[in-house]
Amino acid sequence: MHGQPRKPLKQEDESLLSAKAAKLRTLQSQFFANHRDRIYTQEALDLSAKLLETNPECYTAWNYRKLAVQHNLSRSDPDYVAFLFHQELKLVENALRKNYKSYGAWYHRKWVLSKGHSSIDDELRLLNGFQKADSRNFHAWNYRRFVTSLMKRSDEDELIYTEEVIGENFSNYSAWHNRSVLLSNLFKSKAEEFPLEEKVLQEYEHVRSAIFTDPDDQSGWFYHLWLIDLTVKNYAPLLVSSWPSHGSNITLNGNNCIYGCGLSLLNSTLSDTRTLPVILYFNQAVEGINLSTVAVKSELLKEDLVWKPLSTNNSSTAQVWGAYLNLGNMELEQSKTYSIKITIGHSMGIVSSNGYQYGDPYQIAFKLCVQTASTKPVEEQGGKLTSWKDNNFQKIDHFEDSDSIVSADLHIPTTSDWCMKAIEEEITTFRDLLSEEKCKIGKLSLARLLTALDLITHQHDKRKNHTEEVLKLYTDLMELDPTHSLYYKDEHSLVLLKQITSSRESLLPYCCYYKDATEANTSYVCLRLQNLSLSRMGSFENLLWVQMLDLSHNDLRSIEGLEAMQLLSSLNLSHNKFGSFTVLGPLRSLKSLKVLDISYNKIGSHSIDTRRYLCSSPLANTEVFAWDRFEILCGSFSATKFWEAFLIFESLNLTDLNATGNAVADENFTSFIVKVLPTLKWLNSEELA
């Protein structure tokens with residue numbers, strides 16, 4: 001409870017607690033007997049009520065009460081039905097007086113009212129009493145939103161109420177949060193007539209008073225961060241990037257190589273030589289990408305494209321969607337150019353996770369050309385050892401004028417002048433505050449404000465940005481607040497990647513030729529992002545063209561989002577901080593991946609994989625896990641040791657894998673992985689027989 005410090009128990013208190021516990025055990029024993037035997041008499045109900053008034057956290061008892069009510073509703077007497085629900089409401093009130101943060105009690109009261117047999121006239125009075133006891137009780141605020149919805153009380157009236165509560169105590173985080181929910185509802189339901197500009201400017205002034213009164217209180221700061229997001233956020237989904245990009249020319253070299261990818265210098269080997277990936281990257285997660293919302297026209301199209309969400313959580317919504325154009329059954333004419341047009345959003349149906357419709361139709365047109373057919377069988381190509389040493393890479397001096405490696409923003413949302421003005425005023429205000437106060441969350445807010453301003457002004461002048469200042473703020477925060485240094489480092493990584501990938505000029509120092517020593521006439525372009533202290537990956541919308549990527553010697557613990565890079569064929573993740581195979585889940589979506597280096601990480605170093613319950617599992621209902629094949633491949637090996645590796649690698653067609661330097665990479669693992677990956681030609685830099 002807020003404001004109620006714990007005190008050590010006295011000996012007489014311990015004796016009382018022991019007696020209370022014994023009494024509670026007796027009650028529970030009698031209750032479970034009634035529950036087991038489905039006894040719903042008034043005597044049994046009184047017993048369960050006594051248990052809940054003693055211990056409101058007994059969820060089984062609340063569920064028993066629901067079953068009892070449903071059982072007794074069979075009686076048609078309206079007076080008895082009214083008594084039944086009144087009895088439940090009274091019990092909940094008594095239980096809340098015992099513990100006004102009881103999840104079970106609040107949810108049971110919601111359940112009772114939702115049945116429609118009880119009056120809600122007295123609910124606000126009850127709430128006011130509990131909110132006076134603890135005005136920050138988020139259970140009560142959640143219930144208040146439920147009750148006001150039933151009462152059809154306006155969000156405007158509730159805004160006035162939250163302002164009164166905040167006026168009494170501006171440290172009330174729950175009231176600030178409720179205010180953000182109300183404003184979001186008003187904005188969404190009254191998008192046309194709602195005076196967003198006027199209201200947001202008022203809110204900035206309102207929260208600024210709280211922040212300047214006590215800069216160390218976090219409640220107002222969190223609301224301020226939400227306001228920044230509201231000011232610059234575009235709620236409607238937009239297409240921000242694609243591969244192939246609009247106007248690009250793609251060249252297929254025989255059965256194997258693809259050139260173009262937005263950069264004429266690029267070429268590499270695809271794993272599936274007769275399919276062409278098409279990738280759509282949105283500004284937020286969407287659903288509804290299908291034949292009715294995305295139209296594809298080309299003489300190459302002999303069958304409908306199947307669009308799939310590129311996501312590791314098996315959701316029907318995703319920020320990135322992909323499809324494969326099947327060229328396998330076609331006789332493509334050499335030196336002939338084929339046109340492909342993709343129209344997005346020509347009909348309704350693409351919807352964001354928050355319910356907003358995609359409303360900006362767009363067309364992507366690109367060309368595909370086939371050059372001389374390959375003279376080598378497909379299976380003999382791509383089987384050479386890849387070396388990531390510096391002497392195998394050569395810097396690129398310049399890009400041709402026609403090269404366009406960074407996808408231009410397909411849609412740059414127009415931003416009102418008042419948004420820019422509001423952000424600029426906040427930046428000036430907080431610079432003044434930070435000149436006097438050494439405030440951690442103030443620095444964080446300034447970094448967010450500067451990032452927001454760069455997002456807004458990007459469409460006007462790309463040369464004006466505050467990236468260097470933002471990077472320095474996050475560096476300072478890592479030193480000032482070491483407890484949250486990992487978070488600041490993640491944010492620093494995202495800003496740095498945005499800076500690197502924002503233009504051809506910024507990308508040039510990181511792009512190198514990879515020279516295959518066995519074929520003097522073949523060069524690959526590799527994006528080398530090694531030794532940058534990256535702890536998190538981002539800016540994938542600018543990396544869809546990449547086919548060879550070096551992320552070695554960083555501090556990465558996750559590769560979330562990498563599934564968008566469908567052209568990726570060679571990937572170096574060595575010398576990072578990956579602690580398990582489960583964090584490599586995005587690799588399962590990369591059909592073109594041939595070369596993978598995960599050497600010198602921490603895979604297998606910990607007996608307990610703390611990310612296992614956050615990632616896919618063969619025990620999950622959403623996973624398709626080939627148990628029979630897994631058990632055959634395991635043989636005498638420990639199944640629990642290798643199921644994560646099997647889950648990641650069994651769908652890949654790797655020819656080169658390096659896992660040296662990981663605790664898991666023993667002889668048993670080597671024997672196991674060779675069976676899982678029959679396509680392997682190189683393992684741990686050694687050629688397989």
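How large is the accessible surface of Arg588 in square angstrom, using a 1.4 angstrom probe and rounding to the nearest 10? That residue has around 70 Å² of solvent-accessible surface.
Checking the Cα-Cα distances for Lys101/Lys440; Lys384/Lys577; Lys101/Lys132 against a 19 Å cut-off, the pairs over it are Lys101/Lys440; Lys384/Lys577. In this structure the range 61-186 gives 47 Å² per residue of accessible area when probed at 1.4 Å with all protein chains present. Label point of Leu225 set 7 angstrom out along Cα-Cβ; within the range 150-190, amide nitrogens under 18 Å from it belong to 171-181.
Would you mind classifying the range 79-168 by shape? Square roots of the alpha carbon gyration tensor eigenvalues, ordered a ≥ b ≥ c; an a/c under 1.5 is rounded, otherwise it is prolate if a/b is larger than b/c and oblate if not. Verdict is oblate for the range 79-168. To put it simply, the accessible area of the range 43-113 at a 1.4 Å probe is 52 percent carbon and sulfur.
Counting heavy atoms of the protein chains alone, Tyr513 has an accessible area of about 60 Å² for a 1.4 Å probe.
Listed by chain and number, the lysines placed with their C-alpha closer than 18 angstrom to that of Lys641 are Lys602, Lys675; residues fewer than eight positions away on the same chain are left out.
Within a straight-line Cα-Cα reach of under 18 Å, Lys591 can be paired with the following lysines, leaving aside sequence neighbours fewer than 8 residues apart in one chain: Lys308, Lys681. For the residues Lys577, Lys152, Lys20, a 1.4 Å probe over the protein chains yields an accessible-area ranking, largest first, of Lys152, Lys20, Lys577. A simple spin-label model places pseudo-atoms 7 Å from Cα toward Cβ; at Asp121 and Tyr173 they are separated by 3.8 nm. Among Trp226, Trp243, the order of accessible area from largest down is Trp226, Trp243, computed with a 1.4 Å probe on protein heavy atoms. The modelled label-to-label distance for the pair Asn234/Thr660, using points 7 Å beyond Cα in the direction of Cβ, is 4.7 nm.
The shape of the range 1-155 comes out oblate: with a ≥ b ≥ c from the C-alpha gyration tensor, a/c is at least 1.5 while a/b does not beat b/c. Here the range 443-594 exposes an accessible surface that is 51 percent carbon and sulfur, computed with a 1.4 Å probe and the other protein chains kept in place. Local charge for Ala95 was computed over the other residues whose Cβ lies under 13 Å away, with Lys and Arg +1 and Asp and Glu -1, and equals +3. Solvent-accessible surface (1.4 Å probe) assigned to Glu299 amounts to roughly 100 Å².
Taking a ≥ b ≥ c as the square roots of the eigenvalues of the alpha-carbon gyration tensor, the range 147-213 is classed oblate because a/c is 1.5 or more while a/b is no larger than b/c. Atom-type composition of the exposed protein surface of the range 119-177 places 50 percent of the accessible area on carbon and sulfur (1.4 angstrom probe). Inter-label distance, Ser416 to Lys681: 6.0 nm, where each label sits 7 Å from its Cα along the C-beta direction.
Which FRET efficiency value, to the nearest 0.05, is calculated for Asp216 and Thr343 with the Förster distance at 56 angstrom and r the Cβ-Cβ distance? Approximately 0.55, to the nearest 0.05. Debye-formula intensities of the range 301-369, expressed as log10 I(q)/I(0) at q = 0.24, 0.25, 0.26 Å⁻¹, are -1.23, -1.27, -1.31 (one equal scatterer per alpha-carbon, no solvent).
Residue separation of Glu303 and Ser353 scaled by 0.36 nm, minus their Cα-Cα distance, works out to 15.1 nm of gained length. How much of the calculated P(r) for the range 523-591 lies past 20 Å, in percent of all Cα pairs? Here the tail beyond 20 Å accounts for 20 percent of pairs.
The values are calculated or read from the model by the stated rules, or taken from the named source; none is laboratory data. It should be emphasised that the depicted structure is a prediction, and the values quoted were computed from it without experimental measurement. Because the Cβ atoms are built from the backbone with ideal geometry, glycine has one as well, and the counts that use them run over all protein chains shown. For accessibility, only protein heavy atoms count, side chains too; no ligands or nucleic acids. Shrake-Rupley method; radii C 1.70, N 1.55, O 1.52, S 1.80 Å.
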